[in-house]
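Shown next, in structure tokens, is the structure this report addresses.
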Amino acid sequence: MLLPLFLAMLWGGSQALDLFKLQVQESVMVQEGLCVVVPCSIFYPSRGWSPTTPAYGFWFRDQSPRPSLPVATNKPGQDVDTDTQGRFQLLGDPRESCSLLIREAHLEDTSLYFFRFERGDYVKYNFMEYKFYLQVTALTQKPAIYVPEILQPGHQVTLFCAFNWIFDECPVPAVSWIGNTVSANGASPRTSYFSELTFTPRPQDHNTELTCRVDFSGEGVSTQNTVWLSVAYAPKDLIISISDTDEPALEPRGKNLHLEVKKGQSLQLLCAVDSLPLATLSWTLQDRVLSWSHPLGSTTLELALPRVKAEDAGRYTCRAENRLGFLSRSLDLSVRYAPENLKVVISRANHTALENLESGASLQVLEGQSLRLLCVAHGNPPAQLSWTHRGRTVSPSQPSDPGVLELPQIQTEQEGEFTCRAQNPLGSQNISLSLSVVSPPQLLGPSCSQEDEGLRCSCSSRARPAPSLRWRLGEGLLAGELSNASFEVSSSSAGPWANSSLSLREGLSSGLRLSCEALNAHGARSGSVLLLPDEKELASRAFSSGVSLGTGVTTFLFLCFILILVRALRKKWTQAEVPAATSAPAPAPAPAPGKAPRSRFSRRSMILDYINVIPKAGPLKQKAKPSSPSQPPPDGHSPEARKNQKELHLVSHNCPGPKSSPQASEAENNQEELHYAVLNFPGLRPWETQRPKGTHPEYAEIQFH
């Protein structure tokens, strides 16, 4: 008994709270004159009514004192508030819906509302705990007009107008178009939330108004929206403005614009144009693009030129372009500045490459070479160019181009400083270069003489800069100042001349080559002396070889005897031919009292072949000048040196005589002079004066007297 009673009490106590329920939004907002639907659902207990029992709903203002008339109801014959009559209406099935339709909202409709529901004898309930607040505001919503941002003239276009406040239960407003582009048919209103307008834009339609109007039924409430049409056109009215940091902007007039500024001045160039759509602006210098604007940017483009440089000069062009056309305008900018970037371009004879020299550079030129100096400078106005040599003005090679200086066949007197000067009204600049004349070595020697101590050779050379001399004995190099028991080398120099002497005391042998080499950075030259054996030595060597062979092998005694007989017969044949071939040599003079006898070298049974080299007649005779007192003649060619030499009869390879062989010509091309000579010593057998077999036909036969 207790449990059913408890359940009945629990059911009855929660009836009002749980079985009567309303679902509605707490706040609803609507603009004045518009329509709004407030959705609502109701839940109530299934007691005291049947399916056929009618249901009645009532919406009341929640105000004090509580009104006696509802604002809306579905109960037949029930009076309603006159202010809301016909505007507030219940929607849907009243048995389960409490939705409310509000048309042509008034500002006075703003209030709190609650719902009452009745069905049968039991369900009669005021849902005071479920209320909604209606707020009516001023009408601000406007229709939306959909129009292209830019209209193309002559191309048909369709525009749309829409009012975005659509409820199926609300009445449809009337939409109309107003404007110069609207035809008579398009001006009449249409009942709809959406309207379209088709027309063909004209250039004169640019910046004209077009209005879309929405009218609501009732008390003449309406709203509208207006747009300005934009009809495209090509760029026009392009203007270039100029300003610097110290002066206001200037607007150059005329078709051809020209501006002169000084180097280092700061400028700002401003380009402005009128166009639709916005034109793409660009600044160019000649054919080089300097800056450009974005198509969606502004109608102006600025070009800053801080601290104008010489290379900033030229024609600046501003170009404006859109899809309907383009327009451009130019400004010629001239930059004035003093001469700068002065340099000299060198062109040498037989050289295709050009050399660029900066100020203070040193220039070396071979003697006799041709040279062309071209002075180049940048300046505005153009600089006047002139040349000076050692402070004296030099006449230009080409009067029409004073920057060119031709120097054919350069000689030593043209050494010194050459200066090019560039000058204009804004300043001047100088560039100087030092010219030095150089030449490869010219060899004088070697020349050799027989002395008591042995053989003494001297060699001289002239070159710029002065050459270095060195001796070669065979394949060995004798460099610098050297001295030992076998040889002694001594060197000296004065101006362009270099002298060297070599004294040989030991170590001489037949077939040994003695060379003098002269060299500097611009070339090398060499001359050689060759030692050859005489016939006496050849015979004695043959005899010594036979004796050695005979003493070693007894079986060859007979052969040795035959060789001795052959030698004896040969002597007799030689003595018979001597009177016809040569005269008898004079007896050798006895050595002076107190003097040491000649060294063993002077009595060796050898032929000393040497050369007294005289420079080739061509280059030396043409260019060498008489030595000044400050430049003594080379060693070995002074009168004192000639007194100490034996009297020699020399046939030089360069002097008139037999024609040189191809081998001699090849040696001459290699800048090496090779000569041969035979010395005959007094007291030797007459047949020893004969020339050795296999020697060169140009060997000179020289006798001591």
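The values are calculated or read from the model by the stated rules, or taken from the named source; none is laboratory data. Note that the structure is predicted; figures quoted are calculated from it, not measured. Reconstructed Cβ throughout: ideal geometry from the backbone, glycine too, with neighbour counts over all protein chains shown. These area figures cover heavy atoms from the full protein model, side chains too; ligands, DNA and RNA do not enter into them. Shrake-Rupley method; radii C 1.70, N 1.55, O 1.52, S 1.80 Å.
Brief remarks follow.
- Each label point was placed 7 Å from the Cα along the Cα-to-Cβ direction; for Gln265 and Thr53 their separation is 10.3 nm.
- The length gained on full extension between Ser490 and Ile239, counted as 0.36 nm times the residue separation minus their Cα-Cα distance, comes to 81.6 nm.
- Between Met128 and Glu453, residue separation times 0.36 nm minus the direct Cα-Cα distance comes to 101.7 nm.
- Pairs beyond 28 Å (Cα-Cα), from Lys236/Lys309; Lys236/Lys262; Lys75/Lys131; Lys236/Lys263: Lys236/Lys309; Lys236/Lys262; Lys236/Lys263
- FRET E, pair Arg288, Lys142, Förster distance 56 Å, beta-carbon r, rounded to 0.05: 0.65
- Estimated inter-spin distance, Glu506 and Glu311, nm [label 7 Å along Cα→Cβ]: 7.4 nm
- When only the Cβ of Lys, Arg, Asp and Glu is charged (+1, +1, -1, -1), the dipole of the range 296-393 relative to its Cα centre reaches about 180 debye.
- Packing order of peptides 409-416, 381-388, 457-464, highest average first: 457-464, 381-388, 409-416 (average count of other Cβ atoms within 10 Å over each peptide's residues).
- If you take the Cα centroid of the range 221-242 and the Cα centroid of the range 87-122, the two points sit 50 Å apart.
- Based on Cα contacts under 8 Å between residues 6+ apart, the range 52-147 shows a relative contact order of 26 percent.
- Multiplying the residue separation of Gln152 and Thr226 by 0.36 nm and removing their Cα-Cα distance gives an extension gain of 24.7 nm.
- Take every Cα pair under 8 Å whose residues are at least 6 apart in sequence, average their separation, divide by the length of the range 301-420, and the relative contact order is 21 percent.
- Heavy atoms of Ser111 accessible to a 1.4 Å probe, total area in Å² rounded to 10: 20 Å²
- Estimated inter-spin distance, Glu96 and Gln204, nm [label 7 Å along Cα→Cβ]: 6.5 nm
- Taking the range 410-526 and dividing mean pair separation by its residue count, relative contact order in percent (alpha carbons under 8 Å, at least six apart): 25 percent
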